[in-house]
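The values are calculated or read from the model by the stated rules, or taken from the named source; none is laboratory data. Because the structure is a prediction, the values reported are computed rather than measured. Backbone-built Cβ (ideal geometry, glycine too); neighbour counts: all protein chains shown. Ligands, DNA and RNA are stripped out before the accessible areas are found, and what is left, the full protein with its side chains, is counted by its heavy atoms. Shrake-Rupley method; radii C 1.70, N 1.55, O 1.52, S 1.80 Å.
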Amino acid sequence: MTAAASNAPYPANSASSRSAIDAVTLETLAAFPRQLEAHFALFPEEARHWAPPSWAGVPSEALTAIEQLCHVRDIEIDGYQQRIRRILSEDDPLLPSLDTDALVLERRYGEDDPVAALAAFAEARRETLRLLATITPEQLGRRARFEGYGPLTFKALIHYLCSHDQQHLAGLQWVLGQYDAARADAAGPADESAAAAAAQPSQR
């Protein structure tokens, strides 16, 4: 059984009827753990720690596949859940950003177990959805200052969370594209010509 599928269902459908957050955003947040797991499963085992020679053009932080999982997990728990709790309980708090590069090194993302990382994230996302399940229209307008973003409302924070999810699906697709391109380049035109010739019907 997969990490995301092995736990209880995500509470988005029931939460969306009680929360002032729009149903599209809640359902997208609920779908993300399974999408993350499916994207990671596209990587051969030998590609999970692979990094391209250049990160130019990457739509997320410059992270390998396994590092993407760990980053999403830690940003959920140490970033967005803390921000959600603070903006709901404090007046105009300053919400700090997290140093991704430092976390990669300090928490040894490259040595992490992907199954454990996916399971921890799946449970964290359930907790996030529980926090969002009873948000009122008045709470949507609560304000804070987000380091690197500036002033924002609670509603804006949740859209940033949803955007962060999609950014890392794009990052995984980008790394996978780079990996496949590098393999094709390593094969070289000679191998490609040979493969094309082999595909042609023999002449008799």
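Here the Karplus curve 6.51 cos²θ - 1.76 cosθ + 1.60, taken at θ = phi - 60°, turns the phi angles of region 163-177 into couplings of 4, 4, 4, 5, 4, 7, 5, 5, x, 5, 4, 5, 4, 5, x Hz, with x standing for Gly and Pro. Think of a 1.4 Å ball rolled over the protein heavy atoms: region 75-122 then has 52 Å² of accessible area per residue. 3J(HN,Hα) couplings calculated from phi for region 138-147 with the Karplus curve 6.51 cos²θ - 1.76 cosθ + 1.60 (θ = phi - 60°) are, in sequence order, 5, 5, 4, x, 4, 10, 7, 10, 10, 4 Hz; Gly and Pro show x. Taking amide H positions as modeled 1.01 Å from N, with prolines and chain starts lacking one, the residues under 5 Å from Leu95 and 5 or more places away or on another chain are Arg145, Phe146, Glu147.
Packing-based ranking of 154-167, 40-53 yields 154-167, 40-53, ordered from highest to lowest mean Cβ neighbour count within 10 Å. The phi torsions of region 18-33, fed into the Karplus equation with coefficients 6.51, -1.76 and 1.60 and a -60° offset, translate into couplings of 10, 8, 6, 6, 5, 5, 4, 5, 4, 5, 5, 4, 5, 6, 4, x Hz, rounded to whole numbers, with Gly and Pro shown as x.
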